[in-house]
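Notes follow once the structure below has been shown.
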Amino acid sequence: MDIRIFKNEAEIGKAAGQLFCDAVKENPSCVLGLATGATPVPTYNYITKAYADGKVSFKNVSTFNLDEYCDLPKTHKNSYYTFMHEQLFNSLDIKEENVHFLDGNAEDTEEECARYDAEINNAGGIDVQLLGIGNNAHIGFNEPADEFTVGSFKVKLTDSTINANKIYFDEGAMPHYALTMGIEQIMRAKKIVLIATGEKKAEAIKNMVEGEVTPQVPASILQNHKDVVIFLDEAAASLLNK
Ligand code: F6R
């Protein structure tokens, strides 16, 4: 694992944002896998500024987001569809038909997950996948489990995930289910960039990097990926053996 430690989240945003801009410059029709949450915001800010400064164009880029809540209207203020448009897509020249989400309101979730997986395959797979990490070491919404998951599926969110995210919702309004890409699918990305900041993530990072590879620590599977880069601030890296 290529682990790089930065002073603060702004520096991570710069480094991760530059990596994505470089990937797009090198292959203007590349396929990006994207994450939501607080961690990638500085990265998305860097990318939108690079676009505004005329340094990079997303007009031929396609994106696939990792996950989406179930039973939340697509344009709800807390949907990941809304988050991504507000944080990134509305400020870029990316084409709406090239941005892809799981539909958390699909009646037949199995069919919806199969559709999404096929769409990723038809696009040629993901070139660069951005990941955050949960306090419980989830990636996407792959919670600690008995087995590593394969393709997209419907997941019941754990208490840890609900507690970490309910602050964004009105009292009691956070969905308890989501659709997410599976672990094997995430691992098929040609390159993976995981970013983590803050001491709340330190234990998950230690287990991911130094622990055994186990579905109880979903992110530990990344030890088996041949091109993964981890951007950490000092707090998230604080429990790693030096
Ligand atoms: C979001 C996602 C999650 C988050 C993780 C960290 O699309 O897939 O795995 O990356 O929950 O969230 P933050 O960045 O809010 O701490």
What Kirkwood hydrodynamic radius, in Å, does the stretch 1-142 give when the mean of 1/r is taken over all pairs of distinct Cα atoms and then inverted?
15.8 Å
Lysines with Cα under 24 Å of K200, excluding same-chain neighbours fewer than 8 positions away
K7, K14, K156, K166, K242
Among bridges DSSP assigns within the chain, what percent are antiparallel (round to 5)?
25 percent
Counting just the Cα atoms, what span does the stretch 81-124 cover along each of its three principal axes? Round to the nearest Å and put the largest first.
32, 25, 12
Classify the stretch 144-242 as rounded, prolate or oblate, taking a ≥ b ≥ c as the square roots of the eigenvalues of its Cα gyration tensor: rounded when a/c is under 1.5, otherwise prolate if a/b is larger than b/c and oblate if not.
oblate
Quick shape check on the chain: root eigenvalues a ≥ b ≥ c of the Cα gyration tensor, a/c under 1.5 is rounded, otherwise prolate if a/b tops b/c, else oblate, and it reads rounded
What's the magnitude of the charge dipole for the chain around its Cα centre, counting Lys and Arg as +1 and Asp and Glu as -1 at the beta-carbon? Answer in Debye, nearest 20.
920 debye
Candidates L157, L66, L232; GNM for the chain (alpha-carbon contacts under 10 Å) flags as most fluctuating L157
Output ³J(HN,Hα) for the stretch 11-27: one whole-Hz value per residue in order, computed from phi by the Karplus curve 6.51 cos²θ - 1.76 cosθ + 1.60 with θ = phi - 60°, and x for Gly and Pro.
5, 5, x, 5, 5, 5, x, 5, 4, 5, 5, 5, 4, 6, 5, 5, 9
Restricting the stretch 16-95 to chymotrypsin sites (Phe, Trp or Tyr not before Pro) in coil, as DSSP defines it, with at most 11 other Cβ within 10 Å:
none
Pairs of Cα atoms under 8 Å, at least six residues apart: use those to get the relative contact order of the chain, whole percent.
24 percent
Estimated translational D of the stretch 117-194 in µm²/s (Stokes, Kirkwood radius over Cα pairs; 37 °C; 0.692 mPa s)
242 µm²/s
If you take the square roots of the eigenvalues of the alpha-carbon gyration tensor of the stretch 100-143 and sort them as a ≥ b ≥ c, do you get rounded (a/c under 1.5), prolate (a/b over b/c) or oblate?
oblate
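Here, each number is a calculation from the coordinates, and none is a lab measurement. It should be emphasised that the depicted structure is a prediction, and the values quoted were computed from it without experimental measurement. We place every Cβ from the backbone using ideal geometry, glycine too, and count neighbours over all the protein chains shown.
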